[in-house]
1. Look at the range 217-242 and say how many of its residues are of a type outside the set (S, T, Y) and surrounded by 11 or more Cβ atoms within 10 Å (Cβ to Cβ).
2. Quick one: A53 ticks every box in (1) farther than 18 Å from A23 by Cα; (2) free of Cβ contacts under 8 Å to residues at least 40 places away in the same chain bar one, so which box is it?
3. V80 versus (1) surrounded by 18 or more Cβ atoms within 10 Å (Cβ to Cβ); (2) closer than 19 Å to L119 by Cβ: which is the lone unmet condition?
4. Hey, can you tell me all the residues within the range 200-216 that are assigned to a helix (DSSP H, G or I) and loosely packed, with under 13 Cβ neighbours inside 10 Å?
5. Among the residues of the range 243-274, which ones are modelled with pLDDT of 95 or more, loosely packed, with under 11 Cβ neighbours inside 10 Å and closer than 24 Å to G104 by Cα?
6. Of the residues G44, G131, which single one is closer than 18 Å to M20 by Cβ, of a type outside the set (A, V, I, L, M, F, W, C), in contact (Cβ under 8 Å) with a residue 60 or more places away in the chain and touching a strand residue (DSSP E or B) at 6+ places or on another chain (Cβ under 7 Å)?
7. Out of the residues in the range 153-175 that are touching a strand residue (DSSP E or B) at 6+ places or on another chain (Cβ under 6 Å) and of a type in the set (D, E, K, R), state the one that is nearest to R132 (Cα to Cα).
Amino acid sequence: MSADAGRPAGTLVLVGCGHMGSAMLRGWLAAGAAARFVVIEPAGLPAGIDDDAVLCHPGPEHIPEHTLPDAVVFAVKPQVIDEVLPAYARWVRPQTVFLSIAAGKTLAGLSRHLGGAALVRAMPNTPAAIGRGITVACANERVAPAQRALCERLLAAIGESAWVEDETLIDPVTAVSGSGPAYVFLLIEALAMAGERQGLPADLALRLARATVAGSGELARLAGDSPARLRENVTSPGGTTRAALDVLMAADGLPALMERAVAAATARSRELAS
């Protein structure tokens with residue numbers, strides 16, 4: 001079956017079925033994204049994935065020669081992808097699109113191993129494990145509209161997605177959404193610790209911080225108002241929130257700190273890109 005827009009793929013090869021790879025595979029199975037899935041994972045399939053549409057092999061040498069996938073997805077760690085890619089060059093053909101979620105691996109870096117392949121580079125984030133991630137993707141000029149549509153459907157299985165034409169934007173994307181969950185988790189830690197220091201029991205402080213951040217994020221996602229308006233809605237003149245925001249929004253407060261943090265992550269992403 002071809003990868004025509006709106007249709008499932010015939011065969012999809014997933015290279016790596018760890019945390020992110022298994023999250024994607026579960027989403028694809030639920031969505032019927034392909035007729036058949038071929039997984040390459042030395043450790044075998046994770047627990048809970050038991051479907052007749054999934055075949056698992058410990059290495060690419062075990063895949064039958066007649067296999068012609070519509071898509072090959074690389075969900076391996078960046079430090080090993082250069083060793084992994086050459087084994088899949090046999091499928092470089094106009095009908096197959098290669099999608100990589102390896103952080104820092106550029107389209108040019110992928111092309112060094114995969115020649116004239118249709119390539120898509122994507123940056124997801126860890127909430128993809130619960131279907132609430134956001135992924136930004138960039139395609140090279142060989143990716144056909146139907147292949148882009150197929151990749152869009154694959155990424156939709158793990159949350160929202162967006163596309164950029166300028167690959168250099170993947171670096172600030174990495175700094176904002178790729179690394180962003182760590183900033184939010186730190187906020188939960190810091191908020192809970194601050195509550196403890198004001199006398200709250202540790203377990204209650206952590207529960208309050210988790211629920212407040214999760215609920216506020218969901219409100220921001222669903223509300224039609226801007227984050228600034230939502231913030232103003234919580235803030236009464238002369239009240240407790242205003243007292244806290246006077247600290248957080250000072251010249252050396254959270255906005256300035258976040259700007260420096262994102263700039264540092266962007267710079268590091270550019271250093272690591274290859």
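1. So the count comes out to 14.
2. Unmet for A53, out of (1) farther than 18 Å from A23 by Cα; (2) free of Cβ contacts under 8 Å to residues at least 40 places away in the same chain: (1).
3. That leaves (1) as the condition not met.
4. A202, D203, L204, A211, A214, G215 - these are the residues of the range 200-216 that are assigned to a helix (DSSP H, G or I) and loosely packed, with under 13 Cβ neighbours inside 10 Å.
5. Those that are modelled with pLDDT of 95 or more, loosely packed, with under 11 Cβ neighbours inside 10 Å and closer than 24 Å to G104 by Cα: E259, R260.
6. Details: G44 fails: in contact (Cβ under 8 Å) with a residue 60 or more places away in the chain.
Just one listed residue meets the conditions, G131.
7. Applying the first criterion (touching a strand residue (DSSP E or B) at 6+ places or on another chain (Cβ under 6 Å)) to the range 153-175 yields 155, 158-164, 167, 170, 173-174.
From what is left, the residues that are of a type in the set (D, E, K, R) are 160, 167.
On the way: E160: 7, E167: 24 Å.
The extreme case among them is E160.
Condition check ((1) farther than 21 Å from L25 by Cα; (2) buried (at least 19 other Cβ atoms within 10 Å of the Cβ)) across all residues:
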{"residue": "K105", "(1), (2)": "yes, yes"}
{"residue": "T126", "(1), (2)": "no, no"}
{"residue": "Q147", "(1), (2)": "no, yes"}
{"residue": "E152", "(1), (2)": "no, no"}
{"residue": "I158", "(1), (2)": "no, yes"}
{"residue": "A162", "(1), (2)": "no, no"}
{"residue": "P181", "(1), (2)": "yes, no"}
{"residue": "L187", "(1), (2)": "yes, no"}
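The values are calculated or read from the model by the stated rules, or taken from the named source; none is laboratory data. Keep in mind the model is a prediction, meaning the values are calculated, not measured. Methodologically, a virtual Cβ is constructed for each residue, glycine included, from the backbone with ideal geometry; neighbour enumeration extends over all protein chains shown.
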